[in-house]
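Have a look at the structure below, then the notes.
No lab work stands behind these numbers, since they all come straight from the coordinates. Source: prediction; values computed, not measured. All Cβ positions, glycine included, derive from the backbone under ideal geometry; neighbour counts span all protein chains shown.
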Amino acid sequence: MRRESWIRSLLGPSIDALRRLGARLSPAERRRRKRHAHVGPPGMWEMKRDFQIAFLRKAGLQPGHRLVDIGCGTLRGGLPLIRYLEPGHYVGVEAREEALTEARRELEENGLTDKDATLVHGSDLTQLNLPMQFDYAWAFSVLFHMPDDVLEGCIGFVARHLRPGGVFYANVHVGERKSRKWKQFPVVWRSMDFYRSLAIRHGMSVEDIGSLAEVGHDSGRPSHDEQRMLKFNRPAA
């Protein structure tokens, strides 16, 4: 058997299976996978969406609370939060205008424009001041894509906008490894001492509450389960 024919005989079933999977996906599902590929693996968007609302509700989020979603992207996780919260209580902040364009389409396609969600293009959080404070701030798979100066601005933004007693949850890479890239963003590892010093500079405290796996993110990928969930607290008045 020629080498090309042998390779095709091995790959053919796999290729056919992939084609059948693509044919089974509805146009809406294919559109969602393409949309949410802006923010992560297209095949995992549903699991990651379900995790975010489940985690925040377990952390005490109530419909009457106000939440700011930093790095809201295409609303992969934002959509169920918008459904859950009272109208006007969700604000999403995103640095990429193209992701916000997809987020607005997501709102329209899901009939949620009447929930009065606010989507803000914010590429420089040091300059962004919103006319409200929040009970919860949330940043899922965002902080480890920020260089140190951008992260400093993000924590300053959170400190300015959290109510006294408010909390900010974010997953991070903790440890010492060489940084790499994902799309146009860095992927950064930092020490817990770094985050403690950062929180103190902005009048907050921070604690590590567990790995992503321990707080309910069941991806089956060790690289995800190595991430830690941090809880930043703004002291009550």
Item to complete: Using the Karplus curve 6.51 cos²θ - 1.76 cosθ + 1.60 with θ = phi - 60°, work out ³J(HN,Hα) for each residue of segment 92-101 in order, rounded to whole Hz, and write x for Gly and Pro.
Response: x, 10, 9, 7, 9, 5, 5, 5, 5, 4
Item to complete: About the Cα centre of segment 37-233, how large is the charge dipole given +1 on each Lys and Arg Cβ and -1 on each Asp and Glu Cβ? Please answer in debye to the nearest 20.
Response: 300
Discussion item. Taking θ = phi - 60°, what integer Hz values does the Karplus form 6.51 cos²θ - 1.76 cosθ + 1.60 yield along segment 190-198, in sequence order, with x for Gly and Pro?
Written reply: 9, 8, 5, 4, 4, 5, 5, 5, 4
Response to the item:
Counting sequence-distant residues (5 or more places) and residues on other chains, those with an amide H built under 5 Å from that of LEU162 are PHE134
Practice prompt. Rounded to whole Å and ordered largest first, report the semi-axes of the equivalent ellipsoid of segment 37-233 derived from its Cα gyration tensor (root of 5λ).
Written response: 23, 20, 17
Discussion item. For a protection proxy built on the mean count of beta-carbon atoms within 10 angstrom, sort 122-130, 157-165 highest first, please.
Written reply: 157-165, 122-130
Practice prompt. With θ set to phi - 60°, apply the Karplus curve 6.51 cos²θ - 1.76 cosθ + 1.60 along segment 169-174 and write out the HN-Hα couplings as whole Hz, x wherever there is a Gly or Pro.
Written response: 10, 7, 9, 9, 8, 10
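What FRET efficiency comes out for ARG160 versus PHE185 if R0 is 25 angstrom and r is the Cβ-Cβ distance? Round to the nearest 0.05. Walk me through the intermediate numbers first.
Numbers: r = 24 Å, r/R0 = 0.95.
Rounded to the nearest 0.05, the efficiency is 0.55.
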Fill in: Nearby aspartates and glutamates by direct alpha-carbon distance to LYS115 (threshold 12 angstrom, same-chain neighbours under 8 apart not counted)
GLU86
Worksheet item: Can you list the residues, at least 5 places off or on another chain, whose amide H is less than 5 Å from the amide H of CYS72, using H built in the peptide plane?
Response: VAL93, GLU94
